[in-house]
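Take a look at the structure set out below.
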Amino acid sequence: MTVWLPVLIGVPVLIHLINLMRHRKVRWAAMSFLLESQKKNQNWVRFKEILLLLTRMAVMAAIVVMLAGPLASLNWSRLFSGGLVHHVLLVDDSLSMSDQWSNTTAIKNARGVVDHLLDRTAHHQGTHLVTLLRFSDAAAGRGPDIVRQRMRADLPQQKQAILDLVRPSQLAAGPLEAIKAVKEKIGQQKEENLVVYLISDFRSDQWRDAKPLQEAIRTLTDDKAKVELVRCVDHTRPNLAITALAPAAGVLAADVPLKFDVEVTNYDAVPARNVQVLLESQTNLSDAPSTGRQALPAVTIERIEPGQTARQSFSARFPTAGDHEVYARLGADALTADNQRFCVVRLPAEIPLLIVDGKPGSVDAQLLTLPRQKVRTGLKSQIVGVNYLREQPLDKFAAIFLVNIASLDAGEVAALKTYVASGGSVVFFAGESTRPDFVTQSLYDHGKGFFPLPLTSQASLIVDRLEKTPDLEVDLTHPIFQRTFAGSRNSFLNSILIDRYFAAPKDWAPAKGDGVRVLASLRSHAPLIVEKRFGQGICLAVLTTATPVWNNWAPNPSFVIALMEMKVYLTSRRAEQPASQVGQPLSVPLSKEQYAPEVEFVRPVGKATVRETIQAKATGQSDRMQAAFDKTGESGIYEARLKRTDGATEIRRFAANVPPGEGNLTVLTGGELKIALADLPAVVHEAADFSGPITQQAELNLGSQWWFLAIVLGFLTGEQLLAYSASYHPVAVRGRS
C-alpha cells in the first residue's frame with residue numbers, strides 16, 4: 001500500500017487544475033480596466049499561487065512520510081537512533097515450530113527473520129548489540145546462547161554460527177519464561193535502548209491466558225523497551241497426533257497376551273475419518289542388542305471428532321522375558337514428530353507373589369493361589385510363614401498377601417512398611433486369628449501406618465429378610481470391580497452373603513487427602529474393603545475371610561474374577577515402565593553389590609545413535625547408587641548398558657515421547673494477537689516483513705519525533721497564511737447603511 005502513497009503528493013496539483021477547468025470567459029465592458037490592472041500584478045499573484053501549491057504538496061508529503069516509515073541511509077538515521085541499541089531475539093524453538101507447509105516451515109521463517117535482523121545490525125554504523133535466547137533454554141533455566149554480541153559484516157561465519165542455533169526442538173516451551181528472562185537474566189544497561197523481538201508461531205494454547213504474558217511484557221515496556229512480535233505462521237493447519245501408547249490393565253509377563261491402548265487426537269476443525277495406525281514390535285533380551293522390528297496388524301479408527309481423542313486397542317505377545325518395544329505410526333501431515341510414539345514394557349518370565357500364612361497350612365492361603373487352570377497366567381505364588389518377612393528381601397515380589405495374621409513383631413512391621421512405601425502392594429485378608437488391637441496399634445498407627453483404618457472387634461451383619469438389598473455394595477468405577485460386577489455380571493452381587501466382619505469405629509470415615517478410599521461396603525454402610533495409598537505403594541484391607549467361613553463369596557464365580565482383577569491391578573502398577581517425555585532425565589537405580597558405577601547410555605540422534613558414559617552417584621541409602629542422564633532431547637528408545645560385577649552386561653531400555661499438546665497447531669491471527677496484547681505498546685509483524693536485500697538503511701519513525709511534528713505544524717500554518725494572502729477579500733465600507 002505504501003507504494004501508492006507518494007501519489008497523494010500530486011493531489012493538490014490535480015485539484016488546482018480542476019479548478020482552472022471550471023472557469024468560463026464572460027465579456028463585459030468594465031472588464032478592460034480589470035484586465036489592465038491584472039497585467040500589472042500577474043507575476044506576484046502567480047508567485048503566491050505556486051508557493052501555496054508547493055506548500056500544500058509539502059504537507060501531503062509530510063503525511064506520506066509519517067505513514068510510510070521511510071528508509072534512510074544509516075549515516076542520516078544515526079542522528080536519530082539514540083546511541084547504543086541492544087537487540088534481544090527471543091526465538092521459539094518448541095516442537096510446534098516444526099509445522100511445515102509447501103516448501104517451508106515455521107522455524108525456517110524464524111531463521112529468515114533472525115538472518116534479516118543480524119544483517120541489519122551488521123550493516124549499521126552505530127553501536128548495535130545482539131542477544132539470542134531460545135524458549136527451551138529459558139524454560140530449563142538456562143541463559144542466552146549469544147549475549148551482547150556485535151555483528152560484523154566481514155565475518156559471515158559469525159552469523160552462520162548464530163543461525164545454526166535456530167532449529168526446532170521436540171520440547172514444549174512457551175514464551176512466558178523467555179520474556180521474564182529478559183529482565184531477570186539479561187537486563188538493560190544504563191543508556192541502552194532495548195528492542196525485544198518475540199519470534200514465535202503464537203499458538204492459541206500458549207496465549208489462552210494472556211494476563212501473565214501481558215504483565216511480563218509490560219515490565220519491559222514500562223522500562224522504555226520496544227517490543228516487536230513476529231508471527232512465523234500465517235494460519236492454522238490440520239494435524240493428527242498419537243498422544244498415548246501404553247499397555248492396558250493386565251498381567252505384564254512373558255508369553256502372556258498383552259493388550260495395548262493407542263490414542264489419536266484430531267487437532268482440526270473437521271472430523272477425521274478412517275485413520276490408520278501402523279504398528280510394529282521388537283523383541284529384546286536383557287543382555288542382547290535390539291533386533292529387527294516386526295509388523296503387527298494395523299488398527300483403523302473410523303472417526304475422530306474435531307478436537308477429540310479416540311482410543312483403539314490391540315494385542316501383542318512376547319514369548320521371552322526382557323525389554324520389548326512397541327511402535328505406533330501415522331501418515332505424514334503438518335507435524336512429523338507427533339506422528340509416532342514409542343513404548344517399552346519390561347516383562348519378567350513370571351510375576352512373583354508372596355502369600356504370608358498366619359496359620360500355616362490353612363485353606364485361606366491355598367485359596368489365594370487361584371486360578372489354578374492350565375492356562376498360563378504369568379503369576380507365581382509362594383506361601384511362607386510370618387518369619388519370612390524379616391529374614392528375606394521383599395522387593396522382588398509384586399504383591400504380598402497377609403492372610404489370617406494374628407500379630408507381627410516390630411522388624412516384620414518395619415519391613416512391610418518399607419516395602420509399601422517404596423512401591424509395593426499389600427493385601428490384608430482378615431481371619432479368626434486376627435487381633436484388631438495389633439492391627440490398630442502397629443499397622444494403622446494413628447493413621448501413620450500403611451493400614452487404611454482402625455479396627456474394633458468382630459461384628460455380625462444382621463439378616464434383613466424384608467429388604468432385597470444385597471449384602472455387598474461395591475465401587476464399580478474401581479479397576480477391581482469394573483469387569484467383575486459391571487453389566488450382566490451385576491447379578492453376582494445379589495447372591496453374595498456376608499455373615500461376619502471386623503468393624504471400624506462408628507465415627508470413622510476417610511479423611512480428605514489421606515489417600516484412603518472405601519471400595520466395598522456392607523448393607524449397613526460399614527466398610528468391608530478399603531484401599532490406602534502409602535508412599536508409592538498400596539494397601540488393601542479385606543475385613544472378612546477369604547474362605548467361606550464368614551461369607552459365601554469364595555464359591556461364587558465372581559470371587560475368582562475379583563481375585564484375578566486384584567492381582568492384575570496390583571502387579572501391573574509395578575511392572576509397567578513409567579512414561580517419559582522428551583526432556584525429562586532418565587534415572588537408573590543400581591545396587592553397589594551387583595553393578596559397577598559406570599553406565600553407558602545410548603541415545604537416538606536422528607537416524608544415528610550416540611553413546612555416552614555416566615558415573616553413577618551414591619544416594620541416601622548406603623548400598624544404592626543412581627545414574628542420571630539428562631540428554632533426552634529427541635524422541636525414541638534410549639538404552640542404559642549396565643556392567644554387572646560378575647562381568648555380564650545388562651541392557652535396560654526406556655521410551656521418550658514428544659509432549660502431546662504440541663500437536664495443537666491452532667494459531668492466533670494478527671488481530672487476535674493485538675487483542676491479547678490489550679493496550680500494550682507492542683508492534684505485531686509478519687515474518688514476510690523481514691525479507692529483501694539489506695542496504696545501508698534504517699527505518700525512520702518520524703511520527704514519534706517532536707521536531708518533525710513541529711515542521712508539519714509549521715507547514716500547515718504557512719499554508720493557511722498563503723491561502724489567505726492569495727485569495728480575494730472585499731473591503732468593507734464604513735458608515736454605509
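The values are calculated or read from the model by the stated rules, or taken from the named source; none is laboratory data. On a predicted model such as this, the values are computed, not experimentally measured, just so you know. Cβ coordinates were reconstructed from backbone atoms using ideal geometry, including for glycine residues, and neighbour counts include every protein chain displayed.
Looking only at region 188-214, how many residues end up being more than 26 Å from Asn664 (Cα to Cα) and either surrounded by 15 or more Cβ atoms within 10 Å (Cβ to Cβ) or at pLDDT 95 or above (or both)?
Within region 188-214, residues that are more than 26 Å from Asn664 (Cα to Cα) and either surrounded by 15 or more Cβ atoms within 10 Å (Cβ to Cβ) or at pLDDT 95 or above (or both) number 6.
List the number of the failed condition for Lys224; all other conditions in (1) at positive phi; (2) at pLDDT 90 or above hold.
(2)
Can you give me the number of residues within region 281-296 that are of a type outside the set (A, V, I, L, M, F, W, C) and either in contact with a Leu (Cβ under 7 Å, 6 or more places away or on another chain) or at pLDDT 95 or above (or both)?
Of the residues in region 281-296, 1 are of a type outside the set (A, V, I, L, M, F, W, C) and either in contact with a Leu (Cβ under 7 Å, 6 or more places away or on another chain) or at pLDDT 95 or above (or both).
In this structure, does Gln626 turn out to be exposed (fewer than 14 other Cβ atoms within 10 Å of the Cβ), farther than 26 Å from Thr283 by Cα, at pLDDT 90 or above and in contact with a Pro (Cβ under 6 Å, 6 or more places away or on another chain)?
no
Filter region 141-161 down to residues that are at pLDDT 90 or above and assigned to a loop (DSSP other than H, G, I, E, B) and give me whichever is nearest to the chain's Cα centre (by Cα).
Residue satisfying both the conditions and the ranking: Gly141.
Can you report the number of residues in region 602-623 which are in contact with a Lys or Arg (Cβ under 8 Å, 6 or more places away or on another chain), surrounded by fewer than 13 Cβ atoms within 10 Å (Cβ to Cβ) and closer than 17 Å to Gly583 by Cβ?
Looking only at that region, the number is 2.
Quick check: is even one residue across region 503-518 among the acidic types (Asp, Glu) and under 21 Å from Gly431 (Cα atoms)?
No.
Do the conditions hold for Leu132, that is, is it at pLDDT 95 or above and either more than 30 Å from Gln340 (Cβ to Cβ) or touching a Gly at 6+ places or on another chain (Cβ under 9 Å) (or both)?
yes
One residue is enough: does region 213-232 have a residue meeting the conditions in contact (Cβ under 8 Å) with a residue 60 or more places away in the chain, in a strand (DSSP E or B) and closer than 19 Å to Trp101 by Cα?
yes
Go through region 109-135 and give me each residue that's in contact (Cβ under 8 Å) with a residue 60 or more places away in the chain and among the acidic types (Asp, Glu).
Asp119
Give the residues of region 123-162 that are exposed (fewer than 15 other Cβ atoms within 10 Å of the Cβ) and either closer than 23 Å to Arg203 by Cβ or of a type in the set (A, V, I, L, M) (or both), sorted by residue number.
Ala140, Gly141, Arg142, Val147, Ala153, Leu155, Ala161
How many of the residues making up region 53-105 are outside any strand (DSSP E or B), at pLDDT 75 or above and touching a His at 6+ places or on another chain (Cβ under 6 Å)?
0
Is it true that Lys183 is in contact (Cβ under 8 Å) with a residue 12 or more places away in the chain, surrounded by fewer than 17 Cβ atoms within 10 Å (Cβ to Cβ) and more than 17 Å from the chain's Cα centre (by Cα)?
When the stated conditions are applied, Lys183 passes them.
Could you say which residue among Pro527, Pro548 is surrounded by fewer than 21 Cβ atoms within 10 Å (Cβ to Cβ) and of a type outside the set (A, V, I, L, M)?
Pro548
When you check Thr283 against the structure, is it buried (at least 18 other Cβ atoms within 10 Å of the Cβ), outside the structural domain of His86 (by TED's automatic domain parsing) and not small (Gly, Ala, Ser), yes or no?
For Thr283, the condition - buried (at least 18 other Cβ atoms within 10 Å of the Cβ), outside the structural domain of His86 (by TED's automatic domain parsing) and not small (Gly, Ala, Ser) - is met.
May I ask you to list the residues in region 611-623 that are in contact with a Pro (Cβ under 8 Å, 6 or more places away or on another chain) and β-branched (Val, Ile, Thr)?
Thr619
For region 157-180, which positions are among the β-branched types (Val, Ile, Thr) and touching a residue at least 60 places away in the same chain (Cβ under 8 Å)?
Those that are among the β-branched types (Val, Ile, Thr) and touching a residue at least 60 places away in the same chain (Cβ under 8 Å): Val166, Ile179.
So in region 428-485, with the set limited to residues that are among the aromatic types (Phe, Trp, Tyr) and touching a residue at least 60 places away in the same chain (Cβ under 8 Å), which one is nearest to Thr418 (Cα to Cα)?
Result: Phe450.
Quick one: would you say Leu118 is surrounded by 23 or more Cβ atoms within 10 Å (Cβ to Cβ) and modelled with pLDDT under 95?
It is true that Leu118 is surrounded by 23 or more Cβ atoms within 10 Å (Cβ to Cβ) and modelled with pLDDT under 95.
What strands (runs of 3 or more DSSP E) lie completely within region 238-313 and have 1 or more residues being of a type in the set (Ser, Thr, Tyr), within 24 Å of Gln170 (Cα to Cα) and in contact with a helix residue (DSSP H, G or I) (Cβ under 8 Å, 6 or more places away or on another chain)?
Here the list reads 239-247, 258-267.
In region 250-274, how many residues are over 24 Å from the mean Cα position of the chain (by Cα) and either on the phi < 0 side of the Ramachandran plot or touching a residue at least 60 places away in the same chain (Cβ under 8 Å) (or both)?
11
Are there strands (runs of 3 or more DSSP E) fully within region 623-678 with at least 1 residues that are among the polar types (S, T, N, Q) and more than 30 Å from Lys211 (Cβ to Cβ)? List them.
624-629, 649-657
For region 604-622, enumerate the residues that are in a strand (DSSP E or B) and not hydrophobic (A, V, I, L, M, F, W, C).
Pro604, Thr609, Arg611, Glu612, Thr613, Gln615, Lys617
Kindly provide the set of residues from region 207-225 that are over 13 Å from Lys180 (Cα atoms) and within 22 Å of the chain's Cα centre (by Cα), ordered by number.
Scanning region 207-225 gives Trp207, Arg208, Asp209, Ala210, Lys211.
Within region 424-441, can you find the residues that are surrounded by fewer than 19 Cβ atoms within 10 Å (Cβ to Cβ) and of a type in the set (S, T, N, Q)?
Within region 424-441, Ser433, Gln441 qualify.
With the checklist (1) under 30 Å from Asp409 (Cβ atoms); (2) at pLDDT below 95; (3) touching a Lys or Arg at 6+ places or on another chain (Cβ under 7 Å) in hand, flag the one item Lys448 doesn't pass.
Unmet condition: (3).
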